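The values are calculated or read from the model by the stated rules, or taken from the named source; none is laboratory data. Here the structure is a predicted model, which means the values were calculated and not measured. Because the Cβ atoms are built from the backbone with ideal geometry, glycine has one as well, and the counts that use them run over all protein chains shown.
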């Protein structure tokens, strides 16, 4: 995690963001290198307040189901590559179970043969 430190001994009274600034000596602040990404995401959520509700209904249910299938434990493998493979297999299993629930085994086999 990289933090950038900014400081100025004389902040102009015309500064457009002075109201958001710290009152510490020399107005020193530290910002995470990806702070702008978080601010952009927050701005999008402010413009679309219902977006988080949609996410909760769709994505987070899937995540909970996959965790439940994993036994709510940690990954069994180590290293990023192996964990990525393990997660991919969990997602594949979820998708196959979901497809079977929607179209049944014969429908899934027919779709795979088409």
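Observations, loosely collected:
- Yes/no for residue 38 being under 30 Å from residue 3 (Cα atoms), touching a strand residue (DSSP E or B) at 6+ places or on another chain (Cβ under 6 Å) and free of Cβ contacts under 8 Å to residues at least 40 places away in the same chain: no
- Residue 15 meets the conditions (1) under 28 Å from the mean Cα position of the chain (by Cα); (2) surrounded by 11 or more Cβ atoms within 10 Å (Cβ to Cβ); (3) not in a helix (DSSP H, G or I) in every case but one. The failed one is (1).
- Within the stretch 61-81, residues that are loosely packed, with under 10 Cβ neighbours inside 10 Å have Cβ atoms under 9 Å from residues that are at pLDDT below 80 in these pairs: 73/67, counting only partners at least 6 apart in sequence or on another chain.
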